[in-house]
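Chemist: One structure follows; several queries about it will come next.
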């Protein structure tokens with residue numbers, strides 16, 4: 001006897017489950033909180049004074065296998081200075097051969113709160129005719145800040161990732177950059193940079209990108225967590241009234257950095273790279289009502305020369321007759337109509353239907369900008 005209630009087919013069950021799953025996902029997305037795309041305060045800006053500082057110095061790398069600067073004057077003077085610091089005075093008029101030495105610039109970034117005795121990495125770059133710094137050692141070099149004060153001392157053996165080989169016939173092979181090297185923890189900090197962390201009554205926090213709405217939202221988020229703490233000074237800076245005791249102040253700063261804020265939408269902007277043809281359009285770009293027609297005009301000229309021979313025993317000469325064929329082709333493309341407020345997705349879909357290349361896209365965007373239909377800033381890099 002047949003079952004009066006047969007089980008539904010397997011395919012039907014899968015379809016029903018798929019529909020229910022899609023409905024559940026849509027419900028989750030609809031009910032998702034607005035702060036799902038919020039960003040932390042530490043990702044939007046930084047505390048004033050809590051930053052890296054650049055250091056530079058002029059030094060000498062020695063021990064090179066004949067790939068140095070040879071007899072360049074500034075290298076010779078530097079070596080005389082180094083020798084003088086060690087109690088060795090070179091005779092007047094003597095110009096030492098320096099193929100095993102090179103004049104270099106030493107650069108480093110001094111982290112915030114770095115204290116004397118801590119180690120930092122340095123980068124060493126040749127500034128003269130040296131072919132390679134591989135195998136060299138940097139002689140003790142002072143590193144200066146923007147104020148002319150010495151903040152670190154650098155010294156050590158270089159690690160060079162490049163390689164250069166030259167043959168007697170002048171041929172050469174170069175891999176990467178052999179005239180730049182790095183010394184891990186090659187400098188010791190000698191002076192700390194004052195940050196104002198423990199001395200200023202008011203600590204300031206700066207946005208990476210100026211925006212009044214984002215600054216106001218950060219202020220409100222901080223004051224919701226710590227009432228009366230933050231005030232807006234301008235489109236970049238917030239003044240924070242924090243406890244004076246360093247330990248408590250550090251805890252409050254850590255809590256502020258982890259507060260989540262929904263930043264303002266970025267300004268509408270179209271970025272064009274003129275060298276590579278790359279075009280980037282952000283999601284805030286909108287179009288006023290406009291119509292676009294994009295076509296391609298092709299002019300073709302074909303030449304068919306024909307050699308004409310004279311009749312036998314005639315007085316004629318062999319000549320070439322020119323036969324030219326001219327043709328003009330123009331691709332017929334539909335006119336695309338954009339309604340007011342067209343979004344980025346609509347713009348991209350329509351331009352893809354037109355089959356535009358990156359260079360054509362730049363021309364179209366510039367024309368829309370001139371027509372007043374593109375409500376965005378054009379940036380050419």
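We did not get these values from a lab; they are worked out from the coordinates using the rules stated. These numbers were taken from a predicted model, which means no experiment stands behind them. FYI the Cβ positions are ideal-geometry reconstructions off the backbone, even for glycines, and counts take in every protein chain you see.
Chemist: In square nanometres, what is the average projected area of the Cα convex hull of segment 104-145?
Modeler: If I average the Cα hull's projected area over directions, I get 3.7 nm².
Chemist: Report, to two decimal places, the Cα Rg of segment 202-261 normalised by 2.2 N^0.38 Å (N = number of residues).
Modeler: 1.05
Chemist: Separate question: Pop the C-beta distance of residue 377 and residue 109 into the FRET formula with R0 = 41 Å and round what comes out to the nearest 0.05.
Modeler: Details: r = 32 Å, r/R0 = 0.78.
Efficiency, rounded to the nearest 0.05: 0.80.
Chemist: Report the extension gain between residue 241 and residue 146 in nm, rounded to one decimal, defined as 0.36 nm multiplied by the number of residues separating them, less their alpha carbon distance.
Modeler: Separation in residues times 0.36 nm, less the Cα-Cα distance, equals 31.2 nm.
Chemist: Sorting 47, 212 on the 10 Å Cβ count, fewest up front, what's the list?
Modeler: 212, 47
Chemist: Between residue 319 and residue 258, what length in nm is gained on full extension when 0.36 nm per residue of separation is reduced by their alpha carbon distance?
Modeler: Between residue 319 and residue 258, full extension yields an extra 13.2 nm.
Chemist: Under 11 Å from a label point 7 Å along Cα→Cβ of residue 54: give me every residue in segment 120-150 with its amide N that close.
Modeler: Inside the label zone: 146.
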